[in-house]
Structure formats: structure tokens, C-alpha cells
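Taking it in order: structure first as C-alpha cells, then the write-up.
The values are calculated or read from the model by the stated rules, or taken from the named source; none is laboratory data. Quick caveat, the model's predicted, so the values are computed rather than measured. When we count neighbours, we look across all protein chains shown, and the Cβ atoms used for this are built from the backbone with ideal geometry, even at glycine. Accessible surface is based on the protein model in full, side chains and every heavy atom, while ligands, DNA and RNA are left aside. Shrake-Rupley method; radii C 1.70, N 1.55, O 1.52, S 1.80 Å.
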Amino acid sequence: MPRTLIAGNWKMNGLRADLSTLKEVAAALPPDQDNPEVLLCVPATLIASAADAAAGSPLRVGGQACHAKEKGAHTGDLSAAMLKDAGASHVIVGHSERRADHGETSAFVAEQAAAAIKAGLTPIICVGETLAEREQGQVSDVISRQIAESVPAEAQPGSFVVAYEPVWAIGTGRVAGPEQIAEAHGLIRKLLTDRFGAAASEVRILYGGSMNPANASEILQVENVNGGLIGGASLKAADFLSIYTAASAR
Ligand code: 13P
């Protein structure tokens, strides 16, 4: 079984004062703990100071998006190398909020993921259907297409993470049920196995969408769930640590 990853996504939340939350998480992790791996993806403005604050602890710091190009005339964008240089170890790519807000296509997500791998970052590639797509019975078509198009040719099983985030469960308090999660994660594992063979078992598949201290334990026990990508509940140290504790008890 791959190492569990408990990742927080702060989204567009967090000023320097909020690094106290990150410090509280870092201080609470036992120094010698190696499972689960714990990560907070903070706004880019906080990556460098977050990495400094987490130094010496097992807590890792990540970004939430990167540009596909290494450098150049892309005002306002950040390259994967810049995130790495600031202290990030991971970067989320293809989050549904970026697909919606910035029109990011799966082809562009694959380019971002490839750039991340090249820069030495681990991309967390997000996929997931909308409510309308689920209601129209398109879940497996949507996920299959997103995986085929968003996981780049450069990817190797140990070099990336997948997050299944049903759009209708994000920030809504409406969590996917264990059967729905098992089905989606099973499909993703199968798609990865078709592509990478037995080594696909090394790829971590995270669940994201209204995960919280009350439901984490049940979700983390579902087959092919190798961790979580947590939004709202990662903004409070106590909630995030409680999810970490649930993951440690697996
Ligand atoms: P919530 O946990 O707030 O639903 O957000 C999930 C998410 O989008 C993580 O990337």
C-alpha cells in the first residue's frame, strides 16, 4: 500500500498571520513520523515563509497551480521552478476551481504536471465530475477522459498523485458516499493499471470534497483511498490534525 498523504488546500485563504495555524500543525507532528505524509498547499505568497516555518518538522508545503512554461512573458504566473525554489515539494494541478475560473483544459493540466515533475515537484492531478455529469450517468466517461488527458506522458507511478474531487462535494458539506468513492477510485486505479501495469499500485489516489474530522475515518478506509485533499477543514489546525490522527490509525 502506498504511503498515505494528508494534504490541505488553503485555496485563496491565508495571510502571514495565519502561519500560526501551519506552525501549530508542524509542532504537533511527531518528528519521527513517516506515515502519513502531511502537506499544506498554501497561497503562493506564503510558500517561502511556510517552508521556513515548517523546517525541521515532517510537514511539507505545496503550491496550488503553476504555469506550464519554465519562464517568460506570462505576467502574473508562476513557474514550477519558482514554487520549488520557494520551498514547495508538491503542487496541485487541475483543481476544478481552476478548470472553471481560468478555463484550464486537461491538456493544459498535463503540461503543468509535466512542468512540475521536471522541476522536481510532485503534482497532485485533480479530476472529478460535476453534479450534472453525475446525474446524466457520465461519471466514468468524465473521469476516464480527465485521467487520459491530464496525466502527462512524462509521468511515472512514483512521480505524481491523483485526487478524485467530485465537484458537487467541494465546499458543500455534501460528501460522496463510500460506494461512490470506491467506484471512482477503483476506476482510477484500473485506468492507471491499464497504462502503467502493476506499478500503478504505487500511485496515491486522494479523496477530496467536504472531508472533515467526522467523516475522515470512514472515507480513509475505502479501498483505493490513499489519503485526502482537504479544503475548509485544513484551515483549522485542530480539524486538520484530527484528520491526520484518523489517517495514522488506519
Ligand atoms: P472542501 O474540503 O472545502 O470541500 O474542499 C475540497 C477541495 O477542493 C480540496 O482541494
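Number of residues in segment 144-169 that are open to solvent by 30 Å² or more (accessible area, probe 1.4 Å) and within 16 Å of the ligand (Cβ to nearest atom): the value is 1. If you go through segment 27-75 and keep only what is open to solvent by 80 Å² or more (accessible area, probe 1.4 Å) and of a type in the set (Asp, Glu), you end up with 32, 34, 52, 70.
Quick one: would you say residue 42 is over 29 Å from residue 103 (Cα atoms) and within 16 Å of the ligand (Cβ to nearest atom)?
Considered against the rule, which asks whether it is over 29 Å from residue 103 (Cα atoms) and within 16 Å of the ligand (Cβ to nearest atom), residue 42 comes out as no.
Quick check: anything in segment 111-126 within 16 Å of the ligand (Cβ to nearest atom), under 13 Å from the mean Cα position of the chain (by Cα), surrounded by fewer than 24 Cβ atoms within 10 Å (Cβ to Cβ) and outside any helix (DSSP H, G or I)? Yes, there is a match, as at least one residue in segment 111-126 is within 16 Å of the ligand (Cβ to nearest atom), under 13 Å from the mean Cα position of the chain (by Cα), surrounded by fewer than 24 Cβ atoms within 10 Å (Cβ to Cβ) and outside any helix (DSSP H, G or I). Every residue in segment 219-246 that is within 15 Å of the ligand (Cβ to nearest atom) and part of a helix (DSSP H, G or I), please. Selection gives 219, 220, 232, 233, 234, 239, 240, 242, 243, 244, 246.
Every residue in segment 77-94 that is assigned to a loop (DSSP other than H, G, I, E, B) and away from the ligand (no atom under 15 Å from the Cβ), please. Write out each step before concluding.
Taking segment 77-94 and keeping what is assigned to a loop (DSSP other than H, G, I, E, B), we get 77-78, 87-89, 94.
Scanning segment 77-94 gives 77, 78, 87, 88, 89.
Of all residues in segment 120-149, those that are over 20 Å from residue 195 (Cβ atoms) have Cβ atoms under 7 Å from Cβ atoms of residues that are among the charged types (D, E, K, R) and outside any helix (DSSP H, G or I), 6 or more apart or on another chain, in 138/129. Cβ-Cβ under 9 Å, sequence separation 6+ or interchain: first residue in segment 213-227 and farther than 12 Å from residue 250 by Cβ, partner open to solvent by 50 Å² or more (accessible area, probe 1.4 Å) and at pLDDT below 95. Which pairs? Note: pairs meeting the criteria are 215/175. Of all residues in segment 13-26, those satisfying the criterion of being in a helix (DSSP H, G or I) and open to solvent by 50 Å² or more (accessible area, probe 1.4 Å) are 16, 17, 18, 20, 23, 24. Filtered by the rule that a residue be more than 15 Å from the chain's Cα centre (by Cα), near the ligand (Cβ under 9 Å from one of its atoms) and crowded, with 17+ Cβ neighbours inside 10 Å, segment 170-211 gives a lone residue, 175.
Okay, residues lined up against (1) of a type outside the set (A, V, I, L, M, F, W, C); (2) within 17 Å of the chain's Cα centre (by Cα); (3) within 27 Å of residue 1 (Cα to Cα):
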| site | (1), (2), (3) |
| --- | --- |
| 26 | no, no, yes |
| 30 | yes, no, yes |
| 35 | yes, yes, yes |
| 39 | no, yes, yes |
| 42 | no, yes, no |
| 57 | yes, no, yes |
| 65 | no, yes, no |
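Could you say which residue among 97, 104 is buried (at least 18 other Cβ atoms within 10 Å of the Cβ), acidic (Asp, Glu), within 16 Å of the ligand (Cβ to nearest atom) and not in a helix (DSSP H, G or I)?
Values: 97 fails: not in a helix (DSSP H, G or I).
Criteria check complete, one pass: 104.
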